[in-house]
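The structure appears right after this line, and notes come after that.
The values are calculated or read from the model by the stated rules, or taken from the named source; none is laboratory data. Predicted, not measured: the structure shown is a model, and the values here were computed from it. Positions of Cβ are backbone-derived with ideal geometry, glycine not excepted, and every protein chain shown enters the neighbour counts. Ligands, DNA and RNA are stripped out before the accessible areas are found, and what is left, the full protein with its side chains, is counted by its heavy atoms. Shrake-Rupley method; radii C 1.70, N 1.55, O 1.52, S 1.80 Å.
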Amino acid sequence: MCGFIGEFGSSQSPKNEFYSLLKLSINRGPDMVGYYSNLDIKEDQNPYIQFGFNRLSILDLSKNANQPMTTNSGRYVVMCNGEITNYLKLITEMGLRPKDLRTNSDTEVLCHAIDYYGITKTINRINGMYAIVIYDLIKQMVYLIRDPAGIKPLYFASTKYGWIFASQYNQIFKHLWFKSDIQVNINSLADYLRLGYIPAPSALFENSWMLQPGAFLTINCELFAHLRQYHVLGEKCEYIETDNATAEKLCHILDDTFNDYVHTDVPLGSFLSGGVDSPVVNAVLKKLGHKMNAFTISTKYLGIDEAENAKMISNYLGIKHSIKTLKWEEITTIIDNHFSAYSEPFSDYSSIPTYLLCQEASKDYTVLLSGDGGDELFWGYTRFASVMDYERWFEYPRYFRMIWASILRRLGKKVSSCIEFNNIEDWVFERQSPIHTSQLKKLMPQANHSFNTERLYNIPSSVETSKDLLFWLRKNEFYGHLQRVLLKVDRASMAHGIEVRVPFLDRRIIDFCSLISPELGISHNSTKYLLKKIFKMHMPEDYRLHYKQGFSFDLIRLLKNELKEDFSDTMMSKNLFGDEFIDSNEIYRMVDDFHKGKGTTNEWGLWTLYSLQKWAKLIYNFKF
């Protein structure tokens with residue numbers, strides 16, 4: 001991958017200041033530094049433009065493929081963080097000959113496509129994972145584009161001098177134009193406490209945003225901006241039932257898609273878990289004739305170990321496989337570096353083993369394939385099924401539910417506490433929250449959530465049937481929880497200069513999933529039904545299907561032992577956000593309850609507050 005920063009405005013910040021901000025993303029692109037400015041060619045009435053780029057060389061390692069890159073027509077200047085995975089097919093579509101190309105890079109093909117098709121048509125033709133910035137020298141306009149799944153980050157901000165855009169949020173809030181008038185967005189802060197991250201398009205500070213997945217922002221020569229959505233995970237009016245014929249169609253799409261994700265001029269590997277998604281990636285590519293090198297971590301010291309199942313899969317597939325054992329004591333040695341990898345507040349504690357995994361993988365690989373996205377697109381989480389189990393309960397008033405549940409419990413039946421919530425969306429929100437509603441009101445009494453977060457967790461009136469509910473749950477996962485996962489992996493991998501590709505989140509697979517009936521359908525009641533069928537096509541009949549457990553560990557032990565001193569010092573010291581935003585006394589009470597073993601305090605909620613303080617100290621290292 002790569003990292004970039006740009007500005008478009010009525011003035012231009014000093015070049016040395018600009019380069020210091022560019023340097024903040026050096027880990028994202030350690031192989032070269034590129035620069036573009038229109039200072040020498042600017043006409044009086046035109047805005048200033050300044051681009052900076054840090055390149056991680058993946059395709060064509062020569063300097064010819066460096067960025068920013070100007071198209072052949074000379075009209076556009078382009079920066080692309082990510083990979084255009086169907087670039088070879090675009091070469092054929094455009095009829096490009098070897099003599100028409102001066103590099104083997106996908107970015108040059110993107111440049112040709114912009115000249116050939118225009119910007120809008122190009123966006124609708126490219127596949128992959130990308131954050132793209134384009135400057136049109138004729139119209140004096142800037143375009144910001146983010147991939148449909150939101151795999152690659154793109155932040156932007158509006159200031160009195162103009163617009164700033166960057167791969168990392170600290171490049172935004174440390175910019176001279178922005179930091180002189182910086183203000184915390186209290187609704188975004190509430191989003192963070194409830195979810196452990198801030199969902200796009202919101203960002204922590206006022207007048208700054210993260211571009212949404214599948215969004216396209218245009219800034220004209222008068223510095224007015226227009227935002228539109230070019231891609232949305234949708235549902236069609238007619239659905240394909242998830243049967244054998246549909247599985248066969250999916251097989252062909254996976255073959256076509258995954259084949260585009262192995263092009264690289266640097267060492268390529270693939271993560272391999274003991275579940276379904278990453279084994280399918282490895283199995284399909286092995287079937288297509290690619291020599292796969294799989295990588296797994298053994299996390300028995302952290303409470304989960306999928307290495308044995310992964311080894312069984314690699315042995316059957318006949319692929320090279322390496323296993324790295326992560327030891328508990330490694331956590332304390334990397335904790336500050338781990339927090340420093342996140343330029344925005346982030347509190348998913350599985351980021352720690354993810355950071356260690358990427359650190360180890362970077363010793364042998366520059367590009368790795370991941371199985372992320374399968375659970376979200378194919379209804380893979382067990383929480384999908386649990387919502388459907390209790391869907392009917394919410395047809396009745398809460399008081400009636402409570403009475404009926406009390407009777408059933410006395411009869412020895414198990415009834416989930418979910419029935420205590422007013423509605424399903426409140427239950428869904430609470431299950432994904434490290435800090436629950438009642439606790440948030442104590443920490444931030446005046447806080448409300450951002451409009452986008454409210455909308456994300458609000459079931460629309462059009463949802464009437466069980467099928468509608470499953471579609472809503474999937475959209476909620478795709479634009480909610482999945483964004484936290486992608487943020488975690490991108491920042492952890494980029495901290496070590498490696499690229500993690502996510503083939504399940506290719507537009508072709510996303511669009512196919514918009515056509516299928518929910519996996520928890522009438523003809524079967526199995527999560528991830530299609531992917532399991534495909535998995536079984538590649539594995540022996542007697543192989544017992546396992547479920548990916550993900551990264552987890554004993555957080556209570558970590559906070560009470562290995563990180564006890566740093567945790568206590570950080571939490572009990574000055575609240576860096578101040579009581580204006582978060583009540584310090586409530587933080588101290590939560591920490592005290594935790595150490596006394598009172599069951600009212602959630603350790604993930606404490607980690608969320610601890611992560612915020614660590615971020616404020618390590619990344620946002622100047623006064624509010």
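Being within 20 Å of Ala190 (Cα to Cα) and among the acidic types (Asp, Glu), is that true of even one residue in the stretch 581-589?
yes
Pairs under 7 Å by beta carbon, first residue polar (S, T, N, Q) in the stretch 328-346, partner surrounded by 15 or more Cβ atoms within 10 Å (Cβ to Cβ) and in a loop (DSSP other than H, G, I, E, B), six or more apart or different chains?
Thr332/Glu562; Thr332/Leu563; Ser340/Ile619; Ser343/Gln168; Ser343/Tyr169; Ser343/Ile619
Does Asp256 satisfy being within 30 Å of Ala200 (Cβ to Cβ), of a type in the set (Asp, Glu) and not in a loop (DSSP other than H, G, I, E, B)?
yes
Would you confirm whether or not the stretch 197-205 contains a residue that is in contact with a Phe, Trp or Tyr (Cβ under 9 Å, 6 or more places away or on another chain), open to solvent by less than 40 Å² (accessible area, probe 1.4 Å) and modelled with pLDDT under 95?
No, the conditions are met nowhere in the stretch 197-205.
Tally time: how many residues in the stretch 199-237 are touching a residue at least 12 places away in the same chain (Cβ under 8 Å), within 30 Å of Pro518 (Cβ to Cβ) and assigned to a loop (DSSP other than H, G, I, E, B)?
The number of residues fulfilling the criteria is 15.
Could you say whether any residue in the stretch 128-140 is closer than 30 Å to Val262 by Cβ, under 24 Å from the mean Cα position of the chain (by Cα) and open to solvent by 10 Å² or more (accessible area, probe 1.4 Å)?
no
Do you know which residues across the stretch 441-465 are touching a helix residue (DSSP H, G or I) at 6+ places or on another chain (Cβ under 6 Å) and among the hydroxyl-bearing types (Ser, Thr, Tyr)?
Within the stretch 441-465, Ser450, Thr453, Tyr457 meet the criteria.
Would you mention how many residues in the stretch 527-560 are at pLDDT 80 or above, among the basic types (Lys, Arg) and at negative phi?
Result for the stretch 527-560: 5.
Among the candidates Phe512, Phe504, which residue alone is within 22 Å of Asp256 (Cβ to Cβ), in a helix (DSSP H, G or I), open to solvent by 10 Å² or more (accessible area, probe 1.4 Å) and not hydroxyl-bearing (Ser, Thr, Tyr)?
Phe512
Give the residues of the stretch 406-420 that are open to solvent by less than 60 Å² (accessible area, probe 1.4 Å), over 29 Å from the mean Cα position of the chain (by Cα) and closer than 24 Å to Leu470 by Cβ, sorted by residue number.
Residues satisfying the conditions are Val415, Ser416, Ile419.
Select the strands (runs of 3 or more DSSP E) contained entirely in the stretch 1-98, then report the ones holding at least 1 residues which are in contact with a helix residue (DSSP H, G or I) (Cβ under 6 Å, 6 or more places away or on another chain), among the aliphatic types (A, V, I, L, M) and crowded, with 16+ Cβ neighbours inside 10 Å.
2-9, 76-84
What pairs come up if the first residue lies in the stretch 11-33 and is farther than 22 Å from Arg491 by Cα, the second is assigned to a loop (DSSP other than H, G, I, E, B) and at pLDDT below 95, and their beta carbons are under 7 Å apart, counting only those six or more places apart or on different chains?
Hits for this filter: Gln12/Leu39.
So, in the stretch 207-221, of the ones that are of a type in the set (S, T, N, Q) and out of contact with any helix residue (DSSP H, G or I) (no Cβ under 6 Å at 6 or more places or on another chain), which residue ends up nearest to Ile182 (Cα to Cα)?
By that ranking, first place goes to Asn207.
Let me spell it out: the conditions are (1) within 20 Å of Thr257 (Cα to Cα); (2) under 27 Å from the mean Cα position of the chain (by Cα), and Cys111 meets all of them except one. Which number is the exception?
All conditions pass for Cys111, except number (1).
In the stretch 311-363, what residues are in a helix (DSSP H, G or I), out of contact with any Lys or Arg (no Cβ under 7 Å at 6 or more places or on another chain) and among the small types (Gly, Ala, Ser)?
Matches in the stretch 311-363: Ser314, Ser340, Ala361.
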